[in-house]
1. State, to one decimal in nm, how far the label point of residue 46 lies from the label point of residue 125, with both points 7 Å from Cα in the Cβ direction.
2. Per residue of the range 23-28, what does 6.51 cos²θ - 1.76 cosθ + 1.60 with θ = phi - 60° give for ³J(HN,Hα)? Whole Hz please, x for Gly and Pro, Karplus curve as stated.
3. Taking amide hydrogens as modeled 1.01 Å from N in the peptide plane, which residues meet the under 5 Å criterion relative to residue 2, leaving out close sequence neighbours?
4. Residue 115: net charge of surrounding residues, Cβ under 11 Å, Lys/Arg +1, Asp/Glu -1, itself excluded?
Amino acid sequence: MIYTTVTAVQAVLGAGVPFTGDPAAELVVDAANAYVTRKRAANGYADVDPPDTAELADVRHGAALYAMALWRERQSTETFASFDELGGAVEVGGSWPQIKRLLGIPRGHVDTPMSYAEARRRRRAILFPPVTP
C-alpha cells in the first residue's frame, strides 16, 4: 500500500531541505509505507490491500510525517538533532502522538457490555466473597 511518496515528504519538509535527490529518501519512504501498512492491518483497517493508494488525507499526512521523522532522526541516537541552548534536555513526545492519531493507531476497542444478571453476580462476588472455614 502506498501511503506516502518522496514528493509528499519533500512538501512536508519544505523546499529548503534537500530530500528528493538523496539515495536514502526512497528507503525512508518505503520504511514509512511498510510501517503504516503493518500497523493499520494489525488494528483491523481494511485499506491495506495493495496496490491501492491511500484515499484518506489524514492517513497520507500521518505517513508523510512519520517518514519526515525517520528522515530527521537519521544518524541520531535518540531523536532528531537540535541546536537548542538546552541541549541536555530530553524532548518528550514530539510529533509521535499526532502521527498515531492521524494513522488511527492504536484503534480503540469497545468491550461488549455485560448483562444485568452478570454485573449483579460479579458485584455480589466482590462484596460478599465466599467464606471458607
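Readers should treat all values here as calculations from the given coordinates under stated rules, not as data from a laboratory. A quick note: this is a predicted structure, and the numbers were derived from the prediction, not measured. Don't worry about glycine lacking a Cβ; one is built from the backbone with ideal geometry, like all the others, and counts go over all protein chains shown.
1. About 3.6 nm separates the two model spin labels.
2. Here the 3J(HN,Hα) series is x, 7, 4, 5, 4, 5 Hz.
3. Those lying under 5 Å, H to H, from residue 2 are 54.
4. +2
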